[in-house]
Amino acid sequence: MAFDLLTTVETGGCSSKIPPRLLEELLRGLPLSADPNILVDISTHDDAGVYKISDDLALVFTTDFFPPLVSDAYGFGLIAATNSISDVYAMGGKPLLALNIMMFPSADIPLEVYSEILQGGYDKAREAGVSIIGGHSIDDYPPKYGLAVIGTVHPDRIITNTGVREGDLLILTKPVGTGIILAGQRMKMTTDEQVAGARCHMMRLNNDGAAVMQRYGIRGATDITGFGLTGHALKMARGSGVTIRINMGSVPLMSGVYDLVSQGCIPGAAFRNLDYAERDTLFEEGLDYNLRMISLDAQTSGGLLMSVSEEKAAAVLDDLHAAGHHEAAVIGRVLTKNDNPLIIGM
């Protein structure tokens, strides 16, 4: 019988992140390098760091890892690698190389599980055109896996969470709800079809979205992961000096998510994200409670949230749909900065 990785954890995937408010406090006192070749660093809490090599070449460098969020080792490897590589795509880059990061309790779990996790990572990296050339492992419980990834981007074509501009429309490439679906699976509240759908979204690379962003000269974007749609949109608004309004009635949802919240299936990470976001976010009167909590749901390997000029939005959507992102949708608009950096409404 295959080893069930979910027996080793209470929370996995991006739901296991340190709460965003605490993380900001921890990072606030860190010194920043004065190297002029550093084009993007931790000061903006962006998806990855960027270092200029020459006038036409910069490196995009990122890392991500987390505990299991699915039962099977191979699927865990696929999702963890997809999530790790996503930050390079969110910056408009092309991923090239990666190192494995593995924490594994060799005395408690069969070593075949270790091999299957790595195989999932290698197979997803190969799909992305990424070569895994080494890594590091330690003996640790529960298991955790991810990648450190290096990619390239032209210094003048970097996409950041500070590139949002007033008047732009906001397009989301994947539906939300992975945290709720995975919590529902643990509570035996989901169908096999709902879980399979969430897995499919988490295993899908954001390469097509990155290509579309570069094709249309988009300069403001992020990927939606552990801080939820609300948390990541708030970081974009703060970094860009604008107000963002999200229309939750337009946000694509994974199958079964709304009903799961109605039944009380709200992961703890959503409340941690609420604690972070509520001070600077206006949740409009009339906003459905379920949709409010869905906006805060921690996503694993989520879609890209991109800021697109209104005249380009229809063409961007057409290209995303043609590439297979059939649920990509306009979910909001960028407004002039006001008292609330983020507005969540219907």
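Any read-out appearing in this document is the output of simple, stated calculations on the displayed coordinates, not a laboratory observation. Source: prediction; values computed, not measured. As a convention, Cβ positions derive from the backbone with ideal geometry for all residues, glycine included, and neighbour counts pool all protein chains shown.
Numerical summary
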quantity: Of the GluC sites (Glu not before Pro) in segment 86-173, those whose Cβ has at most 15 other Cβ within 10 Å and which sit in DSSP loop; calculated: 166
quantity: Cut-off under 5 Å, modelled amide H: who pairs with residue 219 long-range; calculated: none
quantity: Relative contact order computed over segment 248-346 (Cα-Cα under 8 Å; 6+ residues apart), in percent; calculated: 50
quantity: Environment charge at residue 46 (Cβ cut-off 14 Å; Lys +1, Arg +1, Asp -1, Glu -1); calculated: -3
quantity: For 316, 176, order by how many other beta-carbon atoms lie within 10 Å, fewest first; calculated: 316, 176
quantity: Sequence ranges 92-99, 321-328, 206-213, ranked by mean other-Cβ count within 10 angstrom, highest first; calculated: 206-213, 92-99, 321-328
quantity: Exposed-loop-free span, longest in the chain, where trypsin sites (Lys or Arg not before Pro) count as exposed if DSSP calls them loop and at most 11 other C-beta atoms lie within 10 Å; calculated: 1-187
quantity: Among 64-75, 37-48, the order from most to least packed when residues are scored by Cβ within 10 Å on average; calculated: 64-75, 37-48
quantity: Hits among aspartates and glutamates - C-alpha to C-alpha of residue 124 under 16 Å, sequence gap 8 or more where chains match; calculated: 64, 72, 87, 116, 208
quantity: Cα-based shape type of segment 87-186, given that a ≥ b ≥ c are square roots of the gyration tensor eigenvalues and the cut on a/c is 1.5; calculated: oblate
quantity: For segment 231-296: relative contact order, % (alpha-carbon pairs under 8 angstrom, 6 or more apart); calculated: 46
quantity: Relative contact order of the chain, defined on C-alpha pairs under 8 angstrom at six or more residues apart (%); calculated: 23
quantity: Förster radius 25 Å - calculated FRET efficiency between residue 112 and residue 139 (Cβ-Cβ, nearest 0.05); calculated: 0.90
quantity: Contour minus Cα-Cα distance for residue 28 and residue 154 (0.36 nm per residue); calculated: 42.5 nm
quantity: Paired Rg and Dmax values of the chain, which use every Cα atom, in angstrom; calculated: 19.1, 58
quantity: Those lysines that a straight Cα-Cα span of less than 22 Å connects to residue 17, excepting residues fewer than 8 apart in one chain; calculated: 144, 174, 235
quantity: Amide H within-cut-off set for residue 329, under 5 Å, with H built and near neighbours excluded; calculated: 172
quantity: Ellipticity estimate at 222 nm from DSSP helix runs (n ≥ 4, -39,500 (n - 2.57)) divided over the chain, nearest 500; calculated: -10500 deg cm²/dmol
quantity: Extended-chain gain in nm, criterion 0.36 nm per residue less alpha-carbon gap, residue 35 and residue 55; calculated: 5.6 nm
